[in-house]
Structure formats: C-alpha cells, structure tokens
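To keep things clear, I will list the structure first and then write my remarks on it.
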Amino acid sequence: MRVLSPLSAVAVAVTLLLSGCGESSSSTAGSEFAGANGSNGPTTPTTPTTPTTPTTPTTFDEAALVSNLVNNVLTPALVQFDEFAKAQKTQIGQYCVAEKAQSTESADLHEKAKDSWRAAMASWQYVEMMQVGPILTNGKELKGNIYSWPAGGALCNIDLDIVYHDDGVINGNANNPYNIKNRTTDRKGLIAIEHALFNTNYDHNCTTVNDALTPWNGKTINERKVARCEFASTVAGDIVDNSAEILSRWQGDSGFASQLINAGNSGSQFDSAHTALNEISKALFYMTKELKDQKLGEPLGLFTNSCGSNICPQDVESDISEHSKENLLANIRAFRQIFTGEGSNADNTLGFDDFLDAEQGSDVKQRMLTGLDEAEAALLAIDGSLKDAVENDTASVTNVHDKVKDVTDELKNDFINKLALELPQTSAGDND
Amino acid sequence: MTKYTRMNKSLLAMAVAVALPNAYAEEAAKDDIEHIQIISHYDKLRTEAGSATLLTEEQLGEYEYDDIHRVLSSVPGVNIREEDGYGLRPNIGFRGVTPERSKKITIMEDGVLIGPAPYSAPAAYYFPQTTRMTAVEVFKGPAAIKHGPQTIAGALNLVTRSVPEFTEGAIDIAAGGDGYTKAHGYFGSVVNNVGFLFEAVNVQADGFKELDGGGDTGFDKNDFLAKFNYRLQQGDFEHNFGLKLSYADEVSDETYLGLTEADFAENPYRRYAATAPAEMDTEHQQVMFTHSMSSDNLSLTTRLYRNDYERAWLKLNSIEGKSPQEILLNPEAEDNLRLFEILKGEQDSIVPGAANFLTMGTNDREYYSQGLQIDGDFTFKLFDFAHELSFGVRLHEDEIERKHFEESYEMKSGVSTLVENSKRFTTLNTEHTEALSVYVEDKVKFDALTLGVGVRGELMDMHYQNNNNANDWLDKTTRIWLPGLSGFYQLSEDAGLLFGIHRGFSPASPAQSSEIEIEKSTNYEFGGRFNDGVTEFEVVSFFNDYSNLKESCGQSNCGDSTQQDAEFNGGAAHVYGLEAQFSQRYPLNLQLDIPYSLVYTYTKGEFKNDRRTTFAQWGEVRNGDPLPYLPEHQVSFNIGLSAEKWRTSLAVKYIGAMPEAAGRSWTEGTQEFTLYLEGQEVPSSTTVDLSASYDFDNYGQVYLKVDNLLDEDKIVSRRPYGARPGKPRQLTVGYKYQF
C-alpha cells in the first residue's frame, strides 16, 4: 500500500503533464515582420499557399477589377502578340525567298522582316509584364520558347542551331534530325531571330568548333544570310505555334482567363477574386527584377555583368537590334495598363489605382503614377540607343533606373500592404 | 601460473572494455573529480532506466578515430548522414531524428552546451575535436530530460581530459594517406594543490578528393586546451575549483558541390573546378569556471561558461539562379549543358552573347553562448525508501548574427576568380535567446524496482531582428514542461527490465512566429539488460510519437538559398525501432582473448498524415512515407584479438539503404514544387576498419590502422548538391608515448 500511493501520485502527475497542459507561447512582432522573410529569408510556406486575405473585408469589387484586367488588358495583349507573330512569320518567309533568289528586293524585304521582328518584340514586351497563367506553367516553358532573355542568347549556341537547321541534322548525326520543337529555349525564340536577322557579323561566335560548324566561315555571305533567314523562318513558325498554344490555354470556357474571372465559383482554381487578383499583381514584380535590375542595373554596373561590375553597354537587352529602349517603353506602358486598367475598352478603366483609392491608398496611387510618368519621360529623354547612352550618357540611364525604382519601392511596400496582396517568392530576395 | 592468472584478469578487463560500450571496466575506474562525466564507470549491471552509452578512453583509443561518425558507429540507435568523409561537420541523429548538422540532439562538452548557439541556431557547425576526448556519452530516452534543450532524441556529451592527480603526459603522432598527419600531446601535474593540464592537437590532411586543375581538398585543425584546478577539504565537503580555457580553429577546403551520377561512377573522388575557391574558416573559444562540492550524500556542481564562435564558409550557391543540384541531376539538358561545363571549367563564363557567373556565397556568422548552470545530486531516505534526487537549473543566453553575402566568380580557362566589387549582402539578421531551464528527477527504490519521475522546464525569451529592416523583428516567449517517467526492475543480480516514457521537444528558432507549431513528441521505451561481467546483452525498443515533426532548411539539406532557415511542419509522424547489443569474450587460450560485440539497430520512421510541403527532402508526403536518411537496418560487428603486448581489432559496419527524399513533386494551380531526389536512395554500404598496436613497454606503443579496408566507394549522400563519396581506404601509422 505504501508503495502504491506514491506510485499512483506519480502516475497522475505524469498523465497530467503528458497531456500537454504545460506549454505556452506568445509573441509580438515588428510592423514588417514577415516570418523571417525580410532579409532574403524564405517566403515559402510550410504548407501549400493559402493566399492572404485582407483582415477587414474590402467593399471594393475585386471581381470586377479582375474581369476588366483580363478582358481589356491581358487578353488583348496576347491576341495582339499573336497577330504580330503571324506577320513576322510571313515577312521573314518573303525575305528568305528574295535572299535565296538574290533578288534586288531582298534588301527591302530584309528591312521589312526586321520591322516585323521589332513589332513582335515590342508587343511581346507587353506580355513579359503580364506573366500570368499558361505563360508560367511548367517552368515558364511557353514563355521560354518565345523569349528566353536573359538566360538565353549565347551566340555560339544559336550559330550551332543555324548550322544544324541548315544541315537538317544535329551535328552530322543522321539519326538525330533537326526539330525546332526539341531545341532548347536559349537557341530559339525572338532572341535567335534577332541574331539571325540583325547581326552583320556573319562569322560564327564559337571558340571551339565541331564538324558541323567547320565549313561555316568559308561560305559566301549570301549563303550564310540564306541559312540564317531560313532558320529565322522556322523559329518564327515555332513562335506562332507557341503563341497559339498560350491563347488556347488562356481562352475558352475552361481557359485560364475564365478561371480568373470566375474566381470563387465552382470550376475555378481560385477560391476568391482576391486570390485571382493576387495572381495578376505578382506579374507586376517583373518591373523589380527584370526591368530595374537586369535591363538597367546590370549594364549600369550596379550588379555583376560581363564586364565585371563596371559599366557594360553590351549587356543591354536586344543590343544587336538596338531595340532596348522600345522594350523598356513597352514594359512601362504595360505596367501602366494593368495599374490603371486602361486597356482596349475606354469605357471601363477599373484598375489597381481604383482599388487603392477604395483602400485609402490614393497617396500611394499618386506616387506610383508620378513614378511611371517620370520613368517614361526619362526613357524618352535618352538620345540614341540605350547601349550608347550607357557608355556616353550614363546619368540619363541612371535617371531611368531611379525613376523605375520609385515605382518598385511603392509596389513592394505600400501597394501590397494597402491591398493585402502577396509579395511573390522571387522578389523576396531582390537587390534593394 | 599466478602470473598468467593475473595477466588474464587484466586482459579480460581490457578485452571487455574494448569490445563493448557500457562495459564493466575495472581499470577505467577513476574518480571523476571534475564532474564532467555523467555515466559512472563502475556499474556492473547498470540499473538506470533509459539508454545511456559510455565509450571509454580505451575504446576511443582503439581505432584512434578523429571522426565522430566512426566513433558512434558502435552505439545503437544512431543515424548518420556522411558528408565530407572526415566528419568535419557531423550529421548525427538518434532514434530517427534528422541527422542534419546534429541540430536535433543536445551536444555538450564536459556537461555544458557546446554548439555555437544551441537555442537560436542549433546546427552544430562547431563540433569538438574527437581525438582529444577521453570519453563519449550518449543519452537517449528519459535520460535526455536532464540535458536540454533538444529532448526528443537525446544528448551527446564529450568528455575532455581531466587534470591528472599526478604528473602525467603523452605524445601521439601519426601520419597517413592523402597527407594526413596528427600531432597530439598533453602534460599535466599538481603543484601545491593546484593541478594543471595543457593539451594541444593538430590534425591535417591534403584531402582525398581530386580537384580539376589541382589543389588541396583537405583541412587543417588546431585545438588547444588549458585546465587548472584547486582542491580543498572543508568539513564534510570537498571543494574543487576549476578553470578551463580552450581554443580551436579550422581551415578546410570544403564545398557543398558533389558530382553527377556519371562522373561519380567514373571517379567518385573528383571535384569540379568551380569548387576550387571554396573554404571554411572557423575559430572557437571557450572559458569555463567550475566549482563542485561533494559530501557523502550531496554533490553540487556550478559551471559558468562562455563560448565564442565565428565561421565563414565560402562555397558555390548557384549559377544563373539555378541550383547546382538542378544542374547536376540533369547535366545533359541543353539548358544546363553550358552551365555544367562552366562548373567543370570546360567553358568560360563570358562568351559572345552570354555571361554566366558562378555565384559564390559566404555565409559569415558570429555566435556566442554563455550561461550559469548548477547541477546537484542528493541522496536521502524517506518512508524507508532510498531516494536519489537530481536537480539542475541553467540560465543560458545565446546569439547568432548572420552576415551572409554573395560574390560573382568568373570561370576562365578552368580557373574560377573573384569578380572585383561584386559583393552583395544577402541575409543580415540576428537571433537571440535567453533561456531558463530547470529539471528535477527523483529516483526511488522500491525493492527490486527503481522508479524515476522527473520533469524539465524551459522558459525561452527569443528575439529576431532583420538587420536590414528595423521594422522586421519578433519577440517571442515560450514555456514548456516536459515530464518523464522511467523504471528499472531488477530480475536478478545480472538482469533487469527497463521502461520509460517522456515528452520531448525541439525549440523553434527565434525567427519563427509563435503561431508555428513547435516540435513535440511522446517517447516510449522498453527493454532489458543482462550483464554477468563476461557477457553483456541489451535490447531496447522505442516508439517516438510526434504530434508535429519539424524540419528547417539549411543550405546543406535544402540546397536552395531562398529557403534558408525556413521551418517546415511535417505533422504527425511515428518513429519506432529496436536497439540491440551483445558482447562477449572468447578466451582462445591463457594468453589470447577474442573479444567481440554485435550492435544492431532497426529503425522505421514514417509520416502519419498527408500534406504538401515545399521542404526539399519531403515534397508532398502521404501517410506511410518513410523519413529521409533513416536506414531501416544497421549492424556493426567488432572483433579483436589481444595478447599482452599486442592487439588487433576489426570493425565491420553495415548501413542499409536510405531514401534521399520522402515524398513526391506536386503541382497546385500555378504553384509547382519539384522534389529533386524523389525516389532516389543512398545505397547500402559496408565499411571495414582495422587497427593493430604493439606495446614496447617503456618505449611507447606503435599503432597502425586502416580505415575503410575494402575501399568502399558508394555514394554516401546526394546532398547538398550531387553525389558524394565517403573516405577511401586510408592507412595510418602512429606512435604513442605516455609517461
């Protein structure tokens, strides 16, 4: 008995304690505590993303905003690119025929082909700022097939593909016929066409030469121009196919556009209009990394570039075609379209600016609009190409960078906070 | 005849000591005056509940291991993930907890926490030099509640050399393959009641890996220890005052980058050119004051300690934003081919139209850890029952400051060089913890039954500050009580049954919001022991029931720098298994003995829920999925042959295959998660180590050892990035002289 009573007391105590009554935890956090995210920490949640919902439900009609952005901004941008992609394919085809025939029209048609590329590229730069849905899936596969900058574009790789395309087989291997669909993104898309159509250095760019490439520099200029043009023509066809694929996944009853618009209803993968809106707002962060840091910061030497970390004119986007400024302008204007909702229908301009007004964020809206105006003005104030300006008028390019930064600073902080939107994973560790 | 008998008796003691952890070792019995060792040497049949294993100086000296992984291979219930082959940064787990950087076990040196910041950042980037230890103790089960904060798996205590009672000293020098050298010496004495000890160790190697373009892949480690003590008798109490000063540094050419499967098959010891600049540079210092007093029924030890640690590890983080893991798993993909060739130094970073730099990150961190710790034991009788009360209180503070940065390196003609002015800071933050912990355990003896009931309390005030953003901070207070109950029922003088149940937990780091669940488990064990002085046998089964299994990301286990320090919930999980050890000696004749032992561990760990995670070792897990890096079967067999002047020992260790990842990749809407090593396994491996020594009486002892006799060269892990080998066969010859 004497043994039993201390034993049972022990048993009761242990049972009580094991039942978990002995635990508590409490915390207070700073206003910008983000679960250790703030310093390049993880944004990845431990469980699947459950999008942030505003703490006080908003009265703003987010579904209407999503609907306007989808119908009047995002869809028209994709449709427009599709048209320019088709036009490019036609123009390059015509140029190839003339170049092959060594016709007197070839120079003129070459210019028209280049113009068609410029139009397609400018149009694509709108889409770059609108990366939502099918463009992102499968590691941005469809986007990469159309445009792989800055990862893609090593000229040697494109030169190799020009030769393989010309030979019809990969590196002389009869069992491995050339098929553009199987080629990696860094060797095709708009970046490959740019090299094929615009580069006036007709020699290849490889330091080590394989059997297939060996005869290249010995060919006539005309032969090389034809080979480049025919390659460009195949690539242009591939771009048309990929654009069609994006559109087919975007449009239609079960397309991504419909999923966004019907957010919160059965059949949509988005549980609320807010979640859908968040998907669109994430696209705006292209301005932070790609536009500000890669397109401007790297050539300015703010980050490591091919010149070390000095000013590096050759690192601008689209340097062969000198189309960098146009690309940037398209990006800024695309951002503005999403922000203001001013797209293809002048009667409906519901945008994030209106949402900010509704959430007591008119001051944020104004600062962002001013930033956009100033960034565009600074860009247009640059004389000549961006490449020249980086070298000879660095201050003018720095000015564009600073004005863009004014916008992105707002975007990352007050914009997402006011609207209870999420910071995309990729921008958690950006370079500010 | 008399002579033979006496010799055989000492041989027996030595043979058993060598063959068996926990052994009854008459010769090893030495008064632990510094109270730095926890398990007593004396016990014949140990009567404490809970698994506690002691590796003595004799056992440690047998193979002269510098690698704690090899030392622990004869301890049941230990799971290890090898990384660099030398054990420079050990990955040790007990009973199925993740072995990653030994962060889920409590690591102590001389009874105090030795990890760089055990609460704020438990990953043990500092690990004491094993070669200078005189004992290694492993506690699992309820025995762990005296040694927090990590109480799920258990605790590891490394015991340094005590100040000798008489003049004593030794030197130990060794040289081996791949430029391996060891120089180790100590000297201690007592002058006017003041004892002192000085010890120094240098271990270095050129490394066994072959760097593309040439260069070292080894390490150079120094350790210095000074100890002073003063003893005095006052009434019934004997007092001992101690001061310990230690310093350690390490420079090692270590990297996280491994090899592709194809390159590993061709030469497992190759290292790519991109790893040439990699370097780990560390420095550790410790100051500790100890006071202990003891009388017949009370002993009290007070320790005041301070550890400072700094480390900066320069290694490859990524190339063009791609994780090296992604490239090595699919090197032939045309998107990866150029990047892979840059890693190997076969292509330059800059070619017309492209510039692809290597992003090398330096994770520069500064830590401190300090505290005051009082431990006591009190024996008394109450209601005719013998009580043994253990209690302790510790006020501890630790901090980690991260000053991580990245730099670009340009690969040119096979040589990777720093791009000037490319430094950019990445993670800048501080995590800090102040913790008060207490424990009390009463062991009461009711005839044959010894029952222990105890509880541990932890009260932690934690603070996180992003040093880049004053508004990004978190203050958190966590309190937890962890009860434990253990028992030992003595069946006879030689045999008994043990059981235990305790609550375990691992603290969440200061940066994790208090809403994130902490890791908790209820752990059960049951087993039996037999020891008649010749044969020892112990079988313990265990079951750890996790209400929430947690993991955190370091670069070493995730390989994704954007997820660094994130914590992940794995939900309910079960880990159960069986630990068995058996040892005996076989007297061949009066001069020769064959001591042998067999240690077997069965462990099964599985998730008990379905969930999608973005943790690089889990992905989407489903009920029944296995825990990564946990082999089901592990066997180690030791056999020796010993005579008066010489002995040989052979250790065979089998580790079963273990999964590199638990679950699978998943897609949800536009969110995708690729589990890179899905379905891959670390193959099973068998390593054999051999050692032999010959005693020249007054002229010292020569020893020879061969680690990895069969030159096993299977993959030991595919993390952090790519396939990695263990240490190849290494022959070492050494000489020891003791006076």
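Would you be so kind as to identify which of A:272, A:251, A:198 lies farthest towards the positive end of the dipole of region A:197-279, taking Lys and Arg as +1 and Asp and Glu as -1 on Cβ and the Cα centre as origin?
A:198
Take the Cα of residue B:572, step 7 Å along the line toward its Cβ, and report every residue of region B:74-118 whose backbone nitrogen sits under 13 Å from that point.
Nothing falls inside the zone, counting backbone N under 13 Å.
Which entries in the list A:112/A:140; B:103/B:423; A:292/A:365; A:112/A:325; A:143/B:322 go over 27 Å, if you measure between the two C-alpha atoms of each?
On the way: A:112/A:140 30 Å; B:103/B:423 30 Å; A:292/A:365 20 Å; A:112/A:325 20 Å; A:143/B:322 18 Å.
Table pairs above 27 Å Cα-Cα are A:112/A:140; B:103/B:423.
Given a Förster radius of 60 Å and the C-beta distance between residue A:360 and residue B:189 as r, what FRET efficiency does 1/(1 + (r/R0)^6) yield to the nearest 0.05? Intermediate results must be reported in sequence, preceding the final value.
Numbers: r = 78 Å, r/R0 = 1.30.
It comes to 0.15.
Restrict the search to region B:632-685; then list the trypsin sites (Lys or Arg not before Pro) that DSSP places in a loop and that have at most 12 other Cβ atoms within 10 Å of their Cβ.
Within region B:632-685, the qualifying trypsin sites (Lys or Arg not before Pro) (loop, at most 12 other Cβ atoms within 10 Å) are B:645.
To the nearest 0.05, how large is the calculated FRET efficiency for residue A:209 and residue A:392 if R₀ is 56 Å and r is the Cβ-Cβ distance?
After rounding, the FRET efficiency stands at 0.95.
Name the residues of region B:254-275 whose amide N is less than 14 Å from a point 7 angstrom out from the Cα of residue B:210 along the C-beta direction?
B:263-273
Using the Cα centre of the protein assembly as shown as the reference point, and only Cβ charges (+1 on K/R, -1 on D/E), how large is the resulting charge dipole? Debye, rounded to the nearest 20.
For the protein assembly as shown, the charge dipole is close to 2320 debye.
To test your reading of the geometry: what angle, between 0 and 90 degrees and rounded to tens, separates the Cα axis of helix B:2-19 from the longest principal axis of chain B?
Roughly 30 degrees, rounded to the nearest 10.
Using the charge dipole of the protein assembly as shown (Lys, Arg: +1 at Cβ; Asp, Glu: -1 at Cβ; taken about the Cα centre), state which of B:488, B:153, B:228 has its Cα farthest towards the positive end.
B:488
Let's test the formula: R0 of 56 Å, r as the Cβ-Cβ distance of residue B:181 and residue B:622. What FRET efficiency results, to the nearest 0.05?
So the FRET efficiency works out to roughly 0.65.
Could you check which residue among A:152, A:237, A:267 shows the biggest mean-square fluctuation in a GNM of chain A with a 10 Å Cα cutoff?
Maximum among the listed residues: A:267.
So how strong a dipole does region A:64-250 carry about its Cα centre when Lys and Arg Cβ are +1 and Asp and Glu Cβ are -1, to the nearest 20 debye?
That gives a dipole near 260 debye.
Measuring from centroid to centroid over Cα atoms, what is the spacing of region A:213-240 and region B:637-691 in Å?
When both Cα centres are located, 53 Å separates them.
For chain A, what does the helix formula give at 222 nm: sum of -39500 (n - 2.57) over DSSP H segments with n ≥ 4, over the residue count, nearest 500 deg cm²/dmol? List each step's numbers first, then the result.
On the way: 15 runs with 216 residues, N = 432.
That comes out to -16000 deg cm²/dmol.
Compute the distance from the alpha-carbon center of region A:179-193 to that of region B:586-614, in whole Å.
55 Å
Counting pairs of alpha carbon atoms under 8 Å apart in space and at least six apart in sequence, what relative contact order in percent does chain B give?
12 percent
For chain A, what relative contact order do you get, as a whole percent, if you take Cα pairs closer than 8 Å and at least 6 residues apart?
21 percent
Taking the Cα centre of chain A as the origin, how large is its charge dipole in debye, to the nearest 20, when only Lys and Arg (+1) and Asp and Glu (-1) carry charge on their Cβ atoms?
Dipole about the Cα centre, nearest 20: 1100 debye.
Please name which of B:91, B:596, A:296 has its Cα lying farthest along the dipole of the protein assembly as shown towards the positive end, using unit charges on Cβ (Lys, Arg +1; Asp, Glu -1) and the Cα centre as origin.
Going by the Cα projections, it comes out as B:596.
Pick out which of A:248, A:324, A:123 has the largest mean-square fluctuation in a Gaussian network model of chain A, springs linking Cα atoms closer than 10 Å.
A:248
Using only Cα atoms, what is the ratio of the radius of gyration of chain B to 2.2 N^0.38 Å?
Ratio of Cα Rg to 2.2 N^0.38 Å: 0.95.
Going through the cross-link list B:227/B:705; B:182/B:645; B:182/B:705, which pairs have a Cα-Cα distance over 20 Å in this structure? All intermediate terms of the calculation are to be shown ahead of the outcome.
On the way: B:227/B:705 31 Å; B:182/B:645 24 Å; B:182/B:705 13 Å.
Where the Cα-Cα span goes over 20 Å, the pairs concerned are B:227/B:705; B:182/B:645.
Nearest 10 degrees, 0 to 90: what angle lies between the long axis of helix B:334-343 and the longest principal axis of chain B (Cα atoms)?
Helix B:334-343 and the main axis of chain B meet at about 60 degrees.
Helix-derived [θ] at 222 nm for chain B: sum -39500 (n - 2.57) over DSSP H runs of at least 4, divide by residue count, nearest 500?
The helix contribution divided over chain B gives -2000 deg cm²/dmol.
How large is Rg over Rh for region B:402-449, taking Rg from the Cα atoms and Rh as the Kirkwood inverse mean of 1/r across Cα pairs? Show your work: numbers first, answer last.
Working: Rg = 27.0 Å, Rh = 16.6 Å.
With Rg and the Kirkwood Rh in hand, the quotient comes to 1.62.
What whole number of Å gives the distance from the Cα centroid of region B:277-301 to the Cα centroid of region A:52-112?
69 Å
Values in this text are rule-based calculations from the coordinates and carry no lab data. These numbers were taken from a predicted model, which means no experiment stands behind them. Neighbour counts run over all protein chains shown; Cβ positions are idealised from the backbone, glycine included.
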